[in-house]
Amino acid sequence: RAKEQGRNRYCFYTNDLNRQAVDKLEIEVALSHALKRGELLLHYQPKVCTVSGRIAGAEALLRWKRGGELVLPGRFISIAEQSSLILDIGAWVIDEVCAQQARWRDQGLDMPQVAVNVAARQFAAGNLDAVLGDALSRHGVPPSCLELELTESMLIERPAEGVAMLRRLKDLGVTLSLDDFGTGYSSLAYLRQFPIDALKIDKSFVDHIEAGPDGSAIVDAVISLAHRLGLGVVAEGVETPGQQAHLIAQGCDMLQGFGLARPLPVAEFEALCARAAPLLHASSQN
Ligand code: C2E
Ligand code: MG
Ligand code: MG
Ligand code: MG
C-alpha cells in the first residue's frame, strides 16, 4: 500500500515535470513567433523626483499581447533567459526605446530618460555596448535618453569583465543603475569599483518601511550609502503614502511604484507627462 502510494506520487511528480517542460517549450516557441509578429510591446512606469514632484525618468517594462491577453514578464522572461532568445528580445527592447525616443523628439515632446532592464545573458554576451551604440545611431538619439538597469549578480559573476563592460557603456554616455539592490550577492567591496550612477532599492525592503524602525533600517542605510558614494537612489514598489513620506524624509531621490503610477501604455504615459500637476505634493513632504 505504501509502495502503491509512493508510485502514485512518483507518477504525479513526473506528470508535473512533463507538464512544466511542455509549458516551457510551448512558451519558448510562441515567444519566438511573438517577436517576429510584433506582439511584444513596452509599458512605461514613471520615476518621480522627490524634489520637484515631477516625472524625471521612466522604466520600460516588457509586455506580450497574446491573443486578447496581456502577458507579464514573470510568465516568460526566465524562459527566454534560458536560450539565446533573450538576446533577440533584449535587442528589440533597446531598439524600441530608441525608436520611441526618436518619435517623441519628432513630435517636439520633452520626454524623460527611459531605463531598459538588461538580462544576465545579454550582459555576459559581451556586445551590449555595440548593440546599444548601433540602436542609438540608427535612430539618431543621444545616449542621455537611455538608462540601463543591471543587477549585482551579473556583475559579480565575472567582475573584471563586468567592470570593463560598464566602462564601455559609460563611455557611450548612457546612465547605469543597479536594479533590485540588496537582493543579489551584494558585495559592498565591489560597489565602489562599478562606474554606476544610481541604486534601485528593491521593493522587498520598501515593503517593510512601515513595520517600525527595524523595518526601515535597510532602506535608510542604502539611501545614505548611495549618497556617501555619490550615487543617486531610487525606491521601487512604493505603494503607500507612509512609504512615500518616509522615503522623502530620508532624502531618497526618486520614487517608483503603483502608489505614484503604474506601468502605462505609451499614450497614457505621454498624457501623464503632459499633465501640469506634480505627482507628489508638498503635503506629503512632511
Ligand atoms: P523589475 O525591473 O524590478 O521591475 C519592477 C517590477 O515591479 C515590474 O513588474 C513592475 O510592474 C512592478 N512594480 C512596480 N511598482 C510596483 C508596486 O508598487 N507594487 C508591485 N506589486 N509591483 C510593482 P513587471 O513589469 O511584471 O516586470 C517584472 C520583472 O521582469 C522586472 O523586474 C524585470 O526584472 C523583468 N523585465 C521586465 N521587462 C524586461 C525587459 O525588457 N527585459 C528584461 N531582461 N527583463 C525585463
Ligand atoms: Mg528594473
Ligand atoms: Mg527592480
Ligand atoms: Mg524587481
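Descriptive notes on the structure:
- Near pairs, Cβ below 9 angstrom, 6+ apart or cross-chain, from the range 134-156 (modelled with pLDDT under 95) to any residue that is away from ligand 1 (no atom under 16 Å from the Cβ) and outside any helix (DSSP H, G or I): E152/Y185; E152/S187; E152/F194; S153/Y185; L155/S187; L155/F194; I156/Y185; I156/S187
- Selection of the range 138-174 for residues being out of contact with any helix residue (DSSP H, G or I) (no Cβ under 6 Å at 6 or more places or on another chain), in a helix (DSSP H, G or I), within 16 Å of ligand 4 (Cβ to nearest atom) and of a type outside the set (D, E, K, R) yields only S153.
- Exactly one residue among E268, E236 is more than 16 Å from ligand 3 (Cβ to nearest atom), surrounded by 14 or more Cβ atoms within 10 Å (Cβ to Cβ) and of a type outside the set (S, T, Y), and that residue is E268.
- Of the residues making up the range 195-242, those that are among the acidic types (D, E) and within 24 Å of Q113 (Cβ to Cβ) are D197, D202, E236, E239.
- In the range 180-208, the residue that is nearest to D220 (Cα to Cα) out of those that are within 13 Å of ligand 2 (Cβ to nearest atom) and not in a loop (DSSP other than H, G, I, E, B) is I201.
- One residue stands out in the range 42-51 among those that are part of a strand (DSSP E or B) and of a type outside the set (A, V, I, L, M): the one that is farthest from L31 (Cα to Cα), namely C49.
- Residue match in the range 252-262 (condition: part of a helix (DSSP H, G or I) and of a type outside the set (F, W, Y)): no
- The set of residues in the range 213-224 being over 21 Å from the mean Cα position of the chain (by Cα) and not polar (S, T, N, Q) consists of P213, D214, G215, A217, D220, A221.
- Qualifying residue in the range 240-247 (condition: in contact (Cβ under 8 Å) with a residue 24 or more places away in the chain, surrounded by fewer than 19 Cβ atoms within 10 Å (Cβ to Cβ), out of contact with any Gly (no Cβ under 9 Å at 6 or more places or on another chain) and not acidic (D, E)): yes
- Among the residues here, S177 qualifies as modelled with pLDDT of 95 or more, part of a strand (DSSP E or B), within 16 Å of ligand 1 (Cβ to nearest atom) and out of contact with any helix residue (DSSP H, G or I) (no Cβ under 7 Å at 6 or more places or on another chain).
- Selected residue (criterion: surrounded by the most Cβ atoms within 10 Å (Cβ to Cβ)) from residues of the range 180-198 that are more than 16 Å from ligand 1 (Cβ to nearest atom) and either touching a residue at least 60 places away in the same chain (Cβ under 8 Å) or among the aromatic types (F, W, Y) (or both): F194
- Filter result for L85 (at pLDDT 95 or above, surrounded by fewer than 16 Cβ atoms within 10 Å (Cβ to Cβ) and out of contact with any Gly (no Cβ under 9 Å at 6 or more places or on another chain)): no
- Residue within the range 110-117 that is away from ligand 2 (no atom under 16 Å from the Cβ) and either over 20 Å from the mean Cα position of the chain (by Cα) or not acidic (D, E) (or both) present: yes
The values are calculated or read from the model by the stated rules, or taken from the named source; none is laboratory data. Small disclaimer: the values here were computed from a predicted structure and weren't measured. FYI the Cβ positions are ideal-geometry reconstructions off the backbone, even for glycines, and counts take in every protein chain you see.
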